[in-house]
Amino acid sequence: MSFINFLNKPKNELESASKLPPVASDENEPSKACPECHRQIPLSQLWANCNCCRDCGYHFRMNARQRIHCFTDADSFKEFDPELQSEDFLAFPGYKKKLELTETVSGEKEAVTCGTALVRGLECCLFVMDPYFMMGSMGTAVGEKITRLFEYATRHRLPVVGFTVSGGARMQEGLLSLMQMAKTSGAVQRHSDAGLLYITVLTNPTTGGVTASFAMEGDIILAEPKATVGFAGARVIEQTTRKKLPQGFQTSEFMLEHGFVDAIAPRDKQRQIISTLLKMHSGGGQDAG
Amino acid sequence: MPDKAAIDRVKTARSNNRPTGVDFIENLFSDFIELHGDRRYADDPAIVGGIAYLGSMPVTVIAMEKGHGARERMSRNFGAPNPEGYRKACRLMKQAEKFGRPVVCIVDTSGAYCGIEAEERGQGQAIAENLMVMMSLRTPVISVLIGEGGSGGALALAAADEVWMLENAVYSVISPEGCASILWRDASKAAEAAQSLKLTAQDALELEAIERVIPENDLGKDAFYSALKEQLIARFGSLSELTPDALTERRYMRFRKLGTKNLKEADHAV
Ligand SMILES: [Zn+2]
């Protein structure tokens, strides 16, 4: 269970993100195999490189805290609603236990972390979904946190940057999970009507009800390389159509080719691309920096 | 309402003998003129749209259609819309907004179609766009769920001022079979999943996700449709008294409150 080890690592291990430290030589240090080039990568090196393989660029999953650390200016993130979490209001079999276990393992209370942050000095509202919290599934707390963030951004005339990762709506909260798709879409629409910028970054995987709501509602939609991005699950499509799925189906590159993504944004370029976009929408002119 | 297992409601909602979207169009409205196509790619036969009279009021009608009989059901793709269906609906809703007509959506689908081409043409984006457009549409919208309300594919025509459900309709975030196979790796536990998902009309009413449950059985066919028609006329009458700003604010708040009752939170909102 390598990802559990990874999660248990203290967060200050991430401090020198985006600078490349010397390769750790400790042979006892835990490492992770790159699924793409099969190289064993010491975990400290992986964290230092924003969870990307230094050799082939493979993007590993990352939790919300680590992503915030890599993406935002140091100490600039101010979190909203850190205590907000879903309850098992339907008494759904196994859900209460699952929530408790997930909170213990991930150290998070919900599948999205929201707040304000600076990116190269530019202020934005930020939401980051977490693949280690029930695969970023959207229940009532996720919907509420995202709605509040957009309402805050609308009131304070701030752009929103959102990193999506989700298996879809959280079935353990039934119909009210589904309703979050409409609720968040309403909040995005109001933010948009106020003339404000919303940038989404689709990360691996972004599917289901999140794809069919706020993930695809950005003014500008970026995607990490080779992320799975789609609406229906690949297996369901195979079962429904009894067809073999084409090579590269439902990837970021597939979405780009079919016109549903503006650009592929590798993790090490995201600060630069997004801060430039934020600046272009801030009403100010270009400067030398 | 008689006590009936959730899975039995699911079976009833899916029954081939139930009236479909087009049956509702024929029985609720007059002078229906069908308008085809999304102006971008194709015309989706799983969604039928057009303009008709509701009593003396012109309205835009958008109905999911499963079809009757094997051949028609196939040609309607069993009521599973493709992106062009949602885009046609979106076009017709914007047209209704332009001309100040109320919109009636008739919802009945197991879900948005899960196909290769549907993904290539942006199924997720099409649904997302409908949600945004509906949440800010400056004309009244009432959605009536007549059978299956399958997840995002159903919600894409139900981000409305009011949502009504027939007594035996179901509305769910996932099919009971899908839920059972993901959670318990056993699709045969669908009955248990159906119960847990709280997907009946009565459940949806208690969760405040819908406004009305429309009884099915105690009236004959004609009385059923004319009662529903009268309810629609009356409700549009009162919704039409609101200004577009008040209407969209009300719709936003309708969805805004959903799911806020059962959250744990130590400190207060921003
Ligand atoms: Zn590699």
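The values are calculated or read from the model by the stated rules, or taken from the named source; none is laboratory data. Just so it is clear, the structure is predicted and the values come from calculations on it, not from any experiment. So basically every Cβ, Gly included, is an ideal-geometry build from the backbone, and we count neighbours across all protein chains shown. Ligands, DNA and RNA are stripped out before the accessible areas are found, and what is left, the full protein with its side chains, is counted by its heavy atoms. Shrake-Rupley method; radii C 1.70, N 1.55, O 1.52, S 1.80 Å.
Structural remarks
- Rel. contact order, % - alpha carbon contacts under 8 angstrom, at least six apart, chain A: 13 percent
- Ordering of A:171-178, B:233-240 by packing [mean C-beta count within 10 Å, highest first]: A:171-178, B:233-240
- Reachable lysines from A:K279, criterion Cα separation under 21 angstrom, eight or more residues apart if same chain: A:K78, A:K269
- Put simply, the amide H of B:I47, placed in the peptide plane, has neighbours under 5 Å in B:E65, leaving out anything fewer than 5 places away on its chain.
- Förster radius 35 Å - calculated FRET efficiency between A:Q247 and B:H68, Cβ distance, rounded to 0.05: 0.35
- If R0 is taken as 56 Å, the Cβ-Cβ distance between B:Q95 and A:N28 corresponds to a FRET efficiency of 0.25.
- Global geometry of chain A, whether rounded, prolate or oblate, following the gyration tensor of its Cα atoms and the 1.5 cut on a/c: rounded
- Using Cβ point charges alone (K and R +1, D and E -1), the dipole size of chain A about the Cα centre works out to roughly 480 debye.
- For the stretch B:6-269, the calculated P(r), taken from all Cα-Cα distances in 10 Å bins from zero up to the bin holding the longest distance, is 7, 30, 38, 20, 4, 0 percent.
- Residue mean of other protein chain beta carbons inside 10 Å, B:172-181: 4
- A viscosity of 0.890 mPa s and a temperature of 25 °C, combined with the Kirkwood radius over Cα pairs in Stokes-Einstein, give a translational diffusion coefficient for the protein assembly as shown of 101 µm²/s.
- In Hz, Karplus ³J(HN,Hα) per residue of the stretch A:229-237 (6.51, -1.76, 1.60; θ = phi - 60°; x = Gly, Pro): 9, x, 9, 7, x, 4, 5, 5, 5
- Eligible lysines near A:K244 by straight Cα distance, threshold 30 Å, same-chain separation 8 or greater: A:K226, B:K66, B:K88, B:K189
- Amide H contacts for A:S76 (H built 1.01 Å from N in the peptide plane; partners 5 or more residues away or on another chain; cut-off under 5 Å): A:L118.
- Mean Cβ count within 10 Å, highest first, over the residues of peptides B:111-118, A:134-141: A:134-141, B:111-118
- Neighbouring partner chain Cβ atoms per residue of A:224-237, average, 10 Å criterion: 4
- Sorted on the mean count of surrounding Cβ atoms within 10 Å across their residues, most packed first, peptides B:182-193, B:197-208 read B:197-208, B:182-193.
- Taking 0.36 nm per residue of separation and subtracting the Cα-Cα distance, full extension of the segment from B:M253 to B:K4 would add 86.4 nm.
- Unit Cα scatterers, Debye sum, the stretch B:183-270: log10 I(q)/I(0) for q = 0.19 Å⁻¹: -1.08
- B versus A: buried accessible surface, summed, Å² (probe 1.4 Å, to nearest 100): 5000 Å²
- Cβ neighbours within 10 Å from other chains - mean over B:244-254: 2
- Here the spin labels are modelled as points 7 Å beyond Cα on the Cα-Cβ line, and at B:S15 and B:D31 they lie 3.6 nm apart.
- Percent RCO, i.e. relative contact order, over chain B, from Cα pairs under 8 Å lying at least 6 residues apart: 17 percent
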